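Trainee: Let me begin by handing over the structure; questions about it come next.
No value in this document is a laboratory result; all are computed from the given coordinates. As the structure is a prediction and not an experimental result, all values here were calculated from the model. We place every Cβ from the backbone using ideal geometry, glycine too, and count neighbours over all the protein chains shown.
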Amino acid sequence: MTNINNKNLKLAVQKEGRLTEETLEFLRKSGLEFESYKQRLFSTCRNFPLEILYVRDNDIPDYIASGAVDLGILGQNLLYEKRPKVKKLLNLRYGFCSLVVAIPKESEIKDIKDLNNKTIATTYPKSTLSFFEKNKISVKTILISGSVEIAPTLGVAQAIADLMSTGSTLALNDLKPLTKIYDSEAILITNEKSTLQELKKILLEKLLIRFKGVLSAKNYKYIMMNAPREILPRLKKIVPGLKSPTISPLAKGGWISVQTVVKEDIFWETIEKLKQAGASGIIVLPIEKMIL
Ligand code: AMP
């Protein structure tokens with residue numbers, strides 16, 4: 001077995017769990033090449049001085065805060081709960097979920113105030129207690145580390161506070177959300193007081209360019225369209241980023257091909273406006289990376 005190269009940057013990721021697959025996919029999209037067998041404790045990237053360590057996500061905040069590991073990818077929920085001394089570098093736009101307070105479907109509880117003096121089962125006691133304290137409601141928590149949904153049925157709690165993404169697990173267990181405590185997504189963290197040596201700082205900058213390139217690409221789509229040359233000023237008004245589009249003449253006299261990028265969140269309304277303005281043959285391509 002090869003050893004960890006301590007000159008390389010070290011990045012801790014979740015070994016097995018909800019974030020694992022998307023994290024490895026994100027790293028591969030960033031152009032990093034590595035093997036990831038389930039039994040492995042770490043893998044060394046072939047084309048970047050980076051060691052990827054596979055650990056329990058609960059341990060990531062401590063590894064980073066202590067300086068044993070340079071970087072970590074984990075759910076923001078763990079930072080809210082553990083409040084370690086780490087610094088967030090990037091939101092990674094996956095692993096979306098919310099910490100919610102949920103109650104049995106048939107419960108008489110209608111409002112969070114009805115939870116006064118009640119017991120809430122959760123894996124996130126600090127986040128839960130601070131939410132209720134802020135709302136001046138007194139609750140007790142019982143710490144459950146898995147399958148929190150069963151607690152109300154067992155009679156040990158009147159409500160739960162748990163992570164939810166689609167809500168289907170809650171519904172399957174005859175529970176319904178009452179209120180949200182916070183939203184969470186996967187994030188990249190480093191030490192609060194960066195203990196990185198100069199060389200590692202340079203490597204981190206290079207890695208961040210790759211990560212940001214993948215993230216920017218997620219927010220944009222590349223579009224190509226044909227249009228009569230005279231409507232170009234109208235097209236430019238519709239796509240604000242279309243200040244210097246790539247324009248090539250078409251064989252059909254007076255027609256041009258226009259290429260540009262459009263923001264994902266206004267994508268469909270932009271396409272409709274472009275069509276109304278007279279653009280045709282619109283082709284949309286995903287962008288793999290976008291280095292700004
Ligand atoms: P797990 O693999 O269940 O330990 O979850 C790992 C991380 O995935 C959590 O800490 C959250 O950041 C994230 N996550 C995303 N959606 C959910 C969900 N519905 N339930 C639990 N965790 C979720």
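Trainee: As a test of the definition: which semi-axes, in Å, follow for the range 15-119 when you take the square root of five times each eigenvalue of its alpha carbon gyration tensor? Largest first, please.
Mentor: Output for the range 15-119: semi-axes of 35, 16, 12 Å.
Trainee: Helix 267-277 against the longest principal axis of the chain: what's the angle in degrees, Cα atoms only, rounded to the nearest 10?
Mentor: 30 degrees
Trainee: Related question: How big is D for the range 104-252, in µm² s⁻¹ as a whole number, if Stokes-Einstein is applied with the Kirkwood radius of its Cα pairs at 25 °C and 0.890 mPa s?
Mentor: The Stokes-Einstein estimate is 117 µm²/s.
Trainee: Do any of Lys82/Lys134; Lys218/Lys252; Lys85/Lys201; Lys10/Lys85; Lys88/Lys193 go past 23 Å between their Cα atoms, and which?
Mentor: Those over the limit are Lys218/Lys252.
Trainee: Taking 1 over the mean of 1/r across every pair of different Cα atoms in the range 155-221, what Kirkwood radius in Å do you get?
Mentor: 16.4 Å
Trainee: Starting from the Cα of Lys221, draw a straight line to each of the lysines and keep only those under 26 Å, dropping any in the same chain fewer than 8 residues away.
Mentor: Partners found: Lys29, Lys206, Lys212, Lys236, Lys237, Lys243, Lys263, Lys273, Lys275, Lys289.
Trainee: Near Tyr222, within a Cβ-to-Cβ distance under 14 Å, what is the net charge of the other residues, with Lys and Arg +1 and Asp and Glu -1?
Mentor: Result for the local shell: +2.
Trainee: Work through the residues other than Ile150 whose Cβ is under 14 Å from its Cβ and net out their charges, Lys, Arg +1 and Asp, Glu -1.
Mentor: -3
Trainee: Quote the Stokes-Einstein diffusion coefficient, in whole µm² s⁻¹, for the range 90-180, based on the Kirkwood radius over alpha carbon pairs, a temperature of 10 °C and a viscosity of 1.306 mPa s.
Mentor: 120 µm²/s
Trainee: Report for the chain the percent antiparallel among DSSP-assigned beta bridges with both residues inside it, nearest 5.
Mentor: Looking only at bridges with both residues in the chain, the antiparallel portion is about 75 percent.
Trainee: What is the Cα convex hull volume of the range 63-102 when expressed per residue in Å³?
Mentor: 76 Å³
Trainee: On to the next question. Treating the beta-carbon of each Lys and Arg as +1 and of each Asp and Glu as -1, no other charges, what is the dipole magnitude of the range 27-68 about its Cα centre, to the nearest 20 debye?
Mentor: 220 debye
Trainee: Any idea what % of Cα-Cα pairs in the range 187-274 are farther than 22 Å?
Mentor: 48 percent
Trainee: Here is a follow-up. Note down the net charge around Gly31, summing +1 for each Lys or Arg and -1 for each Asp or Glu among other residues with Cβ under 14 Å from its Cβ.
Mentor: +4
Trainee: What do the square roots of 5 times the Cα gyration tensor eigenvalues come to for the chain, in whole Å, largest first, as semi-axes of the equivalent ellipsoid?
Mentor: 43, 30, 16
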